[in-house]
Amino acid sequence: MTTTNSPWSRSTDAGPEGTNGNNIVIAFVVAVAENGVIGRDGRLPWRLSSDLKLFRRLTMGKPIVMGRRTWQSLPKQPLDGRDNIVVTRDESFTAPGAYVSAAPAEALELGRRLAVERGVNEVAVIGGAALYAAVLDDARRIYWTAVHGCPEGDTTFPDINLDGWTTVSEEPIARGPNDEFEATLKVLERLTAS
């Protein structure tokens, strides 16, 4: 079941140009340390203000899909300017201002519909680790912030085979005064079978 307190509650199968959800890219947005760590105690394991600004730029205006613990870790809920979709098996869970989906596939389908309504071509999956693993087969793009450090943590990015992916761009993220580590943004695309 999907519930919401969001103003984006209408659903359509086609956008203004007649596109449908089949053209929408499922994209991971993730920051991963050299040791695979992505989280610690339900929070980010580093201070990277520059990456947070990049995250905002990459996700703004798009539906974002996240697990319940990721939602609960947000300092401000919901994230503004984006349709927030929370995946949880807890039928009693509520997320004011966000959609709640019982299953990852349902959340992605809702994300595709909302992307069409907004006229954007991506749904951003923002974590956590279990959700990344659950929807990996659906992902066609990864915005991978490679964090150049090995912070301690208790959550790691799923071990995925990158043989089926190609790096289409790579650029350093300028290190600011509030950044604990240097980082590089890599954009990976899934290779399609010929």
**Prompt:** Can you tell which of Thr184, Thr145 is hydroxyl-bearing (Ser, Thr, Tyr), surrounded by 15 or more Cβ atoms within 10 Å (Cβ to Cβ) and part of a strand (DSSP E or B)?
**Reply:** Thr145
**Request:** Scan region 111-142 for residues that are part of a strand (DSSP E or B) and either of a type in the set (D, E, K, R) or in contact with a helix residue (DSSP H, G or I) (Cβ under 8 Å, 6 or more places away or on another chain) (or both) and report the count.
**Result:** 5
**Item:** Count of region 38-94 residues which are over 27 Å from Gly119 (Cα atoms), among the polar types (S, T, N, Q) and free of Cβ contacts under 8 Å to residues at least 24 places away in the same chain
**Value:** 1
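Residues are listed down the side, and each one gets a yes or a no for (1) assigned to a strand (DSSP E or B); (2) at pLDDT below 95:
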| site | (1), (2) |
| --- | --- |
| Glu152 | no, no |
| Asp159 | no, yes |
| Asp163 | no, yes |
| Thr166 | yes, no |
**Message:** Please go through region 54-71 and give me each residue that is surrounded by 14 or more Cβ atoms within 10 Å (Cβ to Cβ), outside any loop (DSSP other than H, G, I, E, B) and out of contact with any Phe, Trp or Tyr (no Cβ under 7 Å at 6 or more places or on another chain), ordered by number.
**Reply:** Leu54, Phe55, Thr59, Ile64, Val65, Met66, Gly67, Arg69, Thr70, Trp71
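Yes/no matrix, rows are residues, columns are (1) small (Gly, Ala, Ser); (2) surrounded by 15 or more Cβ atoms within 10 Å (Cβ to Cβ); (3) over 15 Å from the mean Cα position of the chain (by Cα):
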| site | (1), (2), (3) |
| --- | --- |
| Thr88 | no, yes, yes |
| Glu91 | no, no, yes |
| Pro96 | no, no, yes |
| Ala103 | yes, no, yes |
| Ala107 | yes, yes, no |
| Arg112 | no, yes, no |
| Val116 | no, yes, yes |
| Glu122 | no, yes, no |
| Val125 | no, yes, no |
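The values are calculated or read from the model by the stated rules, or taken from the named source; none is laboratory data. Just so you know, these numbers come straight off a predicted model, no measurement behind them. Cβ sites come from the backbone with ideal geometry, for glycine too, and all protein chains shown count toward neighbours.
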